[in-house]
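Read the structure below first, then the notes.
Where a number appears in this text, it was derived from the coordinates with a stated rule and is not lab data. What you see is a predicted model; the values in this text were computed from it and never measured. Here the Cβ is made from the backbone with ideal geometry for all residues, glycine too, and neighbour counts use every protein chain on show.
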Amino acid sequence: MDLSLGIDAVENIDIEKFNHCYFNTQKPLVIKGLSKDTSAGVKWSIEYFKEIVGNVMVDVYDNSNKKSAKSAFTVPDLKMQFSEYLDILTTNEHTDLRIFLFDLFKYNSRLKKDFPCPDIFKGILDNFAHMFFGSKDTTVRIHYDIDMSNVLLTQFGGKKRVVLIAPEYTSLLYCLPLNTYSLIDPDKPDYKKYPALKHIKGYDFILDPGDSLFMPSGYWHYMTYLESGFSVSYRRIGPTLKSPLQGLINLGLYMPADKLLNKVMNDKWLTLKEQIAERRIHKLALGKDIFCNEWKTINPSNHIN
Ligand SMILES: O=C(O)CCC(=O)C(=O)O
């Protein structure tokens, strides 16, 4: 994998330029310090959250749960009081517990006032914000968002490393059928098992506290919390109807089908999914005559028609 592409970064951007150069062309962008002049940039801290929403019960996900790491769905592993979770986070030691896609704003409208949707992301979804919390060294497995929205992810607290890969590479990423995850590990790409990864190009950069990342629809992302921290995401639909329609198909058709097969076949379905993902890509490779020799060397007796 060549992750040396340089991501554009700006200090400020107006809506016209953002739409013209990034949103309409679906090109990722980092906006430095977008939140620094907002109340959130000044006020938000672990202590502040404890004071105003500390008593809320939250769903917590355990990254060390091997079963959910291999599952296509992210299912909460436990529930706890938010203040209890924040206490764990403040040690800045590693914990595998993280909070994912949490609609914290609904518990206290002050939070929304502190960080309203930035102008460049105003639209029919601008009332919905989600928060993510994690500790130092926590990773978020590589995936793209199932609803195919564009995402504006603003980082608070610690630094986060982001690996981004354009949707054009989806067919080379061993995407599991009926869902939006891949089992590859961008930190240790296994080129023997997944030779197509050699042909992938992407971005690898660090989001500092206060920075916002524009992630266009369908972009694969893999994140590592370099320090304990949290972020907020807003979503925007467009610029064409193709992505929202694909999002609806993913949510309304593929996800329920995947869930059903998971329920009926359990681990067998996961194994089959991995096999399908591998075979699909090698079939494509043979068709295009790329990395074909590698595949034949690894699987001399395997013939795909
Ligand atoms: O920052 C995180 O913890 C995960 C963010 C993410 O996966 C997303 O915005 O889709």
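Values as computed for the structure displayed
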| item | result |
| --- | --- |
| For the stretch 36-43, Karplus couplings with θ = phi - 60° (6.51, -1.76, 1.60), whole Hz, Gly/Pro x | 5, 9, 9, 4, 4, x, 8, 8 |
| Acute angle (nearest 10 degrees) that the helix 267-288 long axis makes with the longest principal axis of the chain, alpha-carbon atoms | 70 degrees |
| q = 0.10, 0.12 Å⁻¹: log10 I(q)/I(0) that the Debye formula gives for the chain, counting C-alpha atoms only | -0.59, -0.85 |
| Residue-averaged [θ]222 nm for the chain, counting only DSSP H segments that reach four residues, each worth -39500 (n - 2.57) | -7500 deg cm²/dmol |
| Simple label model, 7 Å out from Cα along Cβ direction - Ile206 to Asp96, nm | 2.7 nm |
| Residue-wise HN-Hα coupling along the stretch 234-249, computed from phi with Karplus coefficients 6.51, -1.76, 1.60 (Hz; x: Gly, Pro) | 10, 10, 9, 8, x, x, 10, 7, 4, 5, x, 5, 4, x, 5, 5 |
| Estimated vicinal HN-Hα couplings, Hz - the stretch 141-156 in sequence order (Karplus 6.51, -1.76, 1.60; Gly, Pro = x) | 4, 6, 7, 10, 6, 4, 7, 6, 6, 7, 10, 10, 9, 10, 8, 10 |
| Semi-axis lengths, Å, the stretch 148-277, gyration tensor of Cα atoms, sqrt of 5 times eigenvalues | 26, 20, 15 |
| Cα convex hull of the stretch 140-182, projected area averaged across orientations, nm² | 3.7 nm² |
| The stretch 9-118: C-alpha gyration tensor shape, a/c 1.5 cut-off, then a/b vs b/c | oblate |
| Those aspartates and glutamates that a straight Cα-Cα span of less than 14 Å connects to Lys259, excepting residues fewer than 8 apart in one chain | Asp267 |
| Computed lengthening from Val10 to Asp37, 0.36 nm per intervening residue step minus Cα-Cα distance | 8.2 nm |
| Net charge contributed by nearby residues that have their C-beta within less than 11 Å of Phe121 (K/R +1, D/E -1) | +1 |
| Descending principal axes extents, the stretch 203-248, alpha-carbon based, whole Å | 37, 19, 15 |
| Highest to lowest packing among 151-163, 42-54, scored as the average C-beta count within 10 Å | 151-163, 42-54 |
| For Thr90, net neighbour charge (Lys/Arg +1, Asp/Glu -1) across residues whose Cβ lies under 12 Å away | -3 |
| Length released on extending from Thr170 to Leu253, taking residue separation times 0.36 nm less the Cα-Cα span | 27.9 nm |
| Whole-Å distance, taken between Cα centres, linking the stretch 103-138 and the stretch 166-189 | 27 Å |
| The stretch 58-168: C-alpha gyration tensor shape, a/c 1.5 cut-off, then a/b vs b/c | oblate |
| Distance in nm between pseudo-label sites at Ile88 and Val264 (7 Å out along the Cβ direction from Cα) | 3.6 nm |
| Calculated FRET efficiency for the pair Thr25/Lys283, C-beta based, R₀ 25 Å, to 0.05 | 0.20 |
